[in-house]
1. Compare the Cα positions of Val60, Met92, Val184 along the charge dipole of region 58-185 (+1 at Cβ of Lys, Arg; -1 at Cβ of Asp, Glu; about the Cα centre) and return the one farthest towards the positive end.
2. Once the Cα atoms of region 54-116 are picked out, what are the Rg and Dmax in Å?
3. What does the charge count near Pro56 come to, summing +1 for each Lys or Arg and -1 for each Asp or Glu among other residues with Cβ under 15 Å from its Cβ?
4. Under 1.5 on a/c is rounded, so check that first for region 83-218, then, if it is not, pick prolate when a/b is larger than b/c and oblate when it is not; a ≥ b ≥ c are the square roots of the alpha carbon gyration tensor eigenvalues.
5. Within a Cβ distance under 12 Å of Gly156, other residues only, what is the Lys/Arg minus Asp/Glu net charge?
6. Could you give the distance between the Cα centres of region 91-122 and region 174-218, to the whole Å?
7. Find out how many positive minus negative residues lie around Glu147, taking Lys and Arg as positive, Asp and Glu as negative, among other residues whose Cβ is under 11 Å from that of Glu147.
Amino acid sequence: MGEPRPSAAAAPTGLLGRLFEQFGRPSGLLGQLAGYLMARSEADDRWVVELLDVQPNDRVLEVGFGPGVAIALIAERATSGFVAGVDPSEVMVRQATRRDRAAVREGRVELRPGTVSDLPYPDGHFTKACAIHSLYFWPSLEDGLRELHRVLAPGGLLALAVRMRRPQAGRFDPSRYGFTDEQVAEVAATLGSVGFRDVTTRRQELDRQTMLAILARR
């Protein structure tokens, strides 16, 4: 669902670190397992899609779509629009394409391999965009946000969702490696510096984790 960004959350090391990296760019059998684990719950995906308030005619982009859970939820709502996704993992592209095969066949959903720093779409192409659990792995926060600003139409809405850090969480709990308040502030400041406005945050307790969404307008 992204590429490693060392300055993001404090990632684990050793074997656990290699497993953690599979959630950033799943590959091989471990990548297939990572996709299965990511798809077990859709609570965080559903929450973000509700925050986006997707309308039938919206054109929506998801960066780092993973197994395609949010893509499917968005496609259910953007019935007359268009839904696109980019993910650096070929394994995730295949998994998400299988999950959303009907909408892909109809041409309402397009899933491509790619990264947030080089989005394969023209300026102002989307009305809304989101990234769920992928900020941890972006190689450059500023480059990624500049690209999202470029492909969003004026007034377009962006939602960035992250898991917040719980230092007391166990080694195998993803919340141990989530974002801090300082990192959220860095994202908010960078959004403003690349041209986004009306930056706000929302918090929600979901599946024994604290989720935070950063919302901004183009």
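Each reported figure results from applying straightforward, stated rules to the coordinates on display, with no laboratory input. All figures in this text were calculated on a predicted structure; none of them were measured in a lab. As a convention, Cβ positions derive from the backbone with ideal geometry for all residues, glycine included, and neighbour counts pool all protein chains shown.
1. Farthest towards the positive end: Met92.
2. When restricted to the Cα atoms of region 54-116, Rg and Dmax are 10.3, 29 Å.
3. Taking every other residue near Pro56 into account, the sum is 0.
4. Cα axes put region 83-218 in the oblate bin.
5. Here the charged neighbours net out to +3.
6. Measuring centre to centre over Cα atoms gives 25 Å.
7. Counting the neighbours of Glu147, the net charge comes to -2.
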